[in-house]
Amino acid sequence: MPDHFRAPRAFRLTLLTSRTFAVKSLPLLFAAIIVVAGSGCIGVSAKPAGSTAALGSPAAIKKCRAVRPAEDGAIDDLEDGDNQITKIGGRNGYWWSAADPNGSKIEMQTTEPGAGSEMSMRMTGKTAAGKPEDGTWGVQLGINFVNEGLFYDASKYAGIAFKAKVSPESGRQMRFKIGDINTHKDANVCKACWNHFGKDITLTPEWKEYQVTFSAAQQEPGWGDPRPSAITPSKLIALNWQVGPGQNYDVFIDDVTFLDCE
């Protein structure tokens, strides 16, 4: 299944602070729960791993001894309380959510508090027990970088950072993923898609910043076709936070930003 939704759809985004925003139809995605039927999945592919060369070759990746938030790198700090990311640097995409077709549930809301601020994005629910190869891959909260077109050129940046926490009773394991030309199905390159470059994350009940540099991001082992040597920052499509099967979860995300070298 795709990790963004293209059909126009009107929806309403309800804040936990009792404020409700009416949101116009979006040409790329909608932020309600997306439950996709069928046998496809994000967590794993039925096709075997391969070594086919990708049409999108990895561009030069910016490597740094130390990183900091980029001056124009803000992706979203959630302070405006809506589901569109910060419109800067050619970015104008939206937040979205998705769930597997086997009973996993997700609710996505902007809420109080944030990480030292007023607002954050909250994802809460329960994922069905099962195996990714059977179509039970869990849920995702995500962002598309652009509202029109497909690719976003992030080659001047070194990676992505965000702040996150969980409620005390929540599961704590998730994977942060960055979809690019070689792993996202919409790019028409991959044969076994959705094995995005990323990093496994263990969250805590306290706010903490997590940094994922492009040079350190990796695909999951054992599946996916192609399996390029590195991510292609010049042709990014989306990023997402995925919770796997069999978990109760209550996760807060804030201050998503691109990184640059110090």
*Name, by its number, the condition in (1) farther than 30 Å from Lys156 by Cβ; (2) in contact with an Asp or Glu (Cβ under 6 Å, 6 or more places away or on another chain) that does not hold for Gly103.*
(2)
_Here is a list: Lys191, Lys235. Which entry is at pLDDT 95 or above, among the basic types (Lys, Arg) and under 26 Å from Arg91 (Cβ atoms)?_
Lys235
*For Ser167, are the conditions met, namely being surrounded by fewer than 16 Cβ atoms within 10 Å (Cβ to Cβ) and either under 21 Å from Arg122 (Cα atoms) or at pLDDT 95 or above (or both)?*
yes
*Pick out the one residue from Gly73, Gly93, Gly130 that is on the phi > 0 side of the Ramachandran plot and of a type outside the set (A, V, I, L, M, F, W, C).*
Gly130
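The values are calculated or read from the model by the stated rules, or taken from the named source; none is laboratory data. Quick caveat, the model's predicted, so the values are computed rather than measured. Cβ sites come from the backbone with ideal geometry, for glycine too, and all protein chains shown count toward neighbours.
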